[in-house]
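Input: a single structure, listed below in structure tokens.
The values are calculated or read from the model by the stated rules, or taken from the named source; none is laboratory data. Since the model is a prediction, treat every value here as computed from it, not as a measurement. All Cβ positions, even for glycine, are placed from backbone atoms using ideal geometry, and neighbour counts span all protein chains on display. All accessible areas refer to the heavy atoms of the entire protein, side chains included, with ligands and DNA or RNA removed. Shrake-Rupley method; radii C 1.70, N 1.55, O 1.52, S 1.80 Å.
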Amino acid sequence: MGDTAPIGMEELRRLRTSPLWDELDEPARKALLDLLAKEIADEQTFLIEFQRIRRQHPSLRRMLRKYLAGRGTTERAVLEQAQPAPDTDAEVVPQDLAGAASPDRRFLNLSLTWPISRRVVPHDWLLGAGARYHLRLDIGDLGRDSLLRDSARPLPDDALPHMDDGGRGDWLQITVLSEDFLVPDRRHAMFLPLDGHAYVCPCPPGGRHVCRPEHRGRYVWIPVTAPDGPRSEASLRVTVAYRGNLLQSATVRSRVAEREAPAGGSLSGEVDFTLTSGFLGLDDLPSRDAAIRVSRGYDGALVVDVDGGDRPVSTFWLTEAQIEGALSRARTVLTDVHATRAVPPEKPGDKWIPPLDRLGADNAKSAAEFRDDLWRLAAVGWDLLHLLAPVPAQRAALRDRLREPATIQICRQQGQPLMFPWALVYDIPVDTGDSPVYCEAGLEQARNGDGGGSGGAGRTCPDSARHTRNTVCPYGFWGFRHAIEQPTSRKDRGTLPLRAGRGLGAPHMTVGRALTLPRADLAEQHLVSLRAQFGAANVRDCDSRESLLEELFRAGQDCVYFYCHGRRQEDAADRTGATVLEIGNGERVKPADISARMTETSGGDRTTGAGGTTSADRTTGADGTTGADGAKGWRDWEENAPLVFLNGCHTTDDTPGTWLTFVDVFSSLGASGVIGTEISVGQNFAGEVAQSFWRHFLAGLTVGESLHRVRAELLGKGNLLGLAYTAYCCADLRLSRP
């Protein structure tokens, strides 16, 4: 049997008696013993289960490398021998890579070359206006001449969980976009085998390989033409996608002169987004229908690339003024339809008139108000779509791609502060000079609460085929029809989290709450409801700044919930626009405060205590939990990946001037996701949203499904404010279970 499955059941039993078995850690040994206890008769099924365990346990991967090295073979050879026979007798090794050693780690490499000689253009070369070049792309060893050498992120030693071509690898999609260079408007395919270098071939992407080795090559060659005039900086963007997920993106920048010159240039590249560090966990990533990439441009502008899954749809630039204007108008209208504006005193002695809630006691609105709100918000949403797709053909392509309920992935470049109101985008044409035409079928479905159905049920209007200009329907808004996920860049932080919390029975919740909320009775009722949902013993109530910061870094975080005020900085000297959270009696917590504790617990800034101990040495409690000065607290966040819910005013509505946000800080700490409000919300309304969300999330629904259910329930009351909540995580994130 060793000829067909060298790492089969019998051989694994022999390994159990080998000295190498002692090199495995306890979780790996237990997983293998459980596998052997199943007594799987089918070797192929056994191999699949074995590969799954191997991916999860680094100690097993290390042991296998030693074992296979002693046999004079490799893990790739072992895995390939156990796969079904290919449709062709061709080897899965490109001809130009034959005999080359397989790299232990794989990188995305980019180089600019001359088209005839294919020699690499030196990094200090000044490009010529209108000159033709080739962008050379490969995945394998880190190239000495790669423009990404200083920022490249390697694939880890463990083999990728391949799914295509009978389990021999994965098809990746490469796209190049630029407003400066002339680039082909198409997608390029590359195949990533079990290990070793990726390659290109003439086989249709997604299918089985029928090509021969001599038909395969290591590089993707993409023709690019420099701008037809001098530029102080010209750039192009490269994305690598897998099943619609934008895995990694990079930007290449250069200088362009009238003529080429061997000096004075500055060719450079940077990896600026990584969905999952090292391309880990690809088999767990669900397919995505569209991806939107947000990156930096010139003079503070942002570049937004809209990818329709099978082809680019549009690329546009947003200036700082456009961003601020779009955000301000959208949030103003969303707020105005639910509350009056505060009136400041006109002269000394006058009273400040606070905003008045336009919602009823049950957070509902009348049918007439609901229709008026929809029309006002639809006009704003149509303007937002114009920013995303300014050309009619682009809007048509985007509408065609997203006609049915879809999952849209928003990929924000690391450190990029744009928080666009994607949920408010409305893709039915609106002419405010004419009267609205209300879609009765869509309104009826919304009133009946049918939008809370599972899957795609209730996400699309039953009469959508009749939608024309000025049709007003709730399902014209992206937030009601689609699932919109905004995962943060996972650069150097492992896989994209799909589970939140420890999965050790009843989940725990840490609550940071304010004692200055207008209605103390509502606050107490809300806490009673949370204790009923999670269990009184599992809710940790923190009503002071210090108790909250200490609790955040104790072990055992599953869910973290802020029920408080979120305010802008009032310090005139601080023009960052950063948000602060008010805990207890007006005590403020800034993103930088949490970042400081995180830095301290990481061991980077150790401080010496009275007993000579350092911050990383201190522990409290017999259960191994630690305070804010314990390094274990940060590690627990990375291991447990809790979900954070910021249920306060202005907690994620960042502007271009925001330098540090709670979203980025909690993500860096290890949170699996962050949910926050885009605008000010009333206390009664905030409580209903949170209780509804936690009810669905605790019942096993994903974040995307739970948020959709909340919006659908509110929509049934004529309330559109569910669109004000944004989730910064994978839409398929769900609570861990034992």
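Quick rundown of the values:
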{"quantity": "Hits in region 333-390 - residues which are open to solvent by 10 Å² or more (accessible area, probe 1.4 Å), in a loop (DSSP other than H, G, I, E, B), in contact with a strand residue (DSSP E or B) (Cβ under 7 Å, 6 or more places away or on another chain) and in contact (Cβ under 8 Å) with a residue 24 or more places away in the chain", "calculated": "Pro355, Pro390"}
{"quantity": "Elements of type strands (runs of 3 or more DSSP E) contained in region 179-249, each with 3 or more residues being closer than 19 Å to Asp165 by Cβ", "calculated": "188-193, 231-242"}
{"quantity": "Segments classed as helices (runs of 4 or more DSSP H), wholly inside region 633-738, with at least 2 members that are crowded, with 23+ Cβ neighbours inside 10 Å and at pLDDT 90 or above", "calculated": "683-698, 703-715"}
{"quantity": "Residues located in region 164-178, provided they are part of a loop (DSSP other than H, G, I, E, B) and of a type outside the set (Asp, Glu)", "calculated": "Gly166, Gly167, Arg168, Ser178"}
{"quantity": "Evaluation of Leu127 against (1) at pLDDT 85 or above; (2) farther than 25 Å from Pro213 by Cα; (3) part of a loop (DSSP other than H, G, I, E, B); (4) open to solvent by less than 20 Å² (accessible area, probe 1.4 Å) (one fails), failing number", "calculated": "(3)"}
{"quantity": "Candidates Val511, Val430, filtered to the one that is at pLDDT 90 or above and part of a loop (DSSP other than H, G, I, E, B)", "calculated": "Val430"}
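A quick yes/no check of all residues on (1) within 22 Å of Thr471 (Cβ to Cβ); (2) at pLDDT 85 or above; (3) not acidic (Asp, Glu):
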| position | (1), (2), (3) |
| --- | --- |
| Pro344 | no, no, yes |
| Lys347 | no, no, yes |
| Leu359 | no, yes, yes |
| Lys365 | yes, yes, yes |
| Arg371 | yes, yes, yes |
| Arg376 | yes, yes, yes |
| Ala379 | yes, yes, yes |
| Asp383 | yes, yes, no |
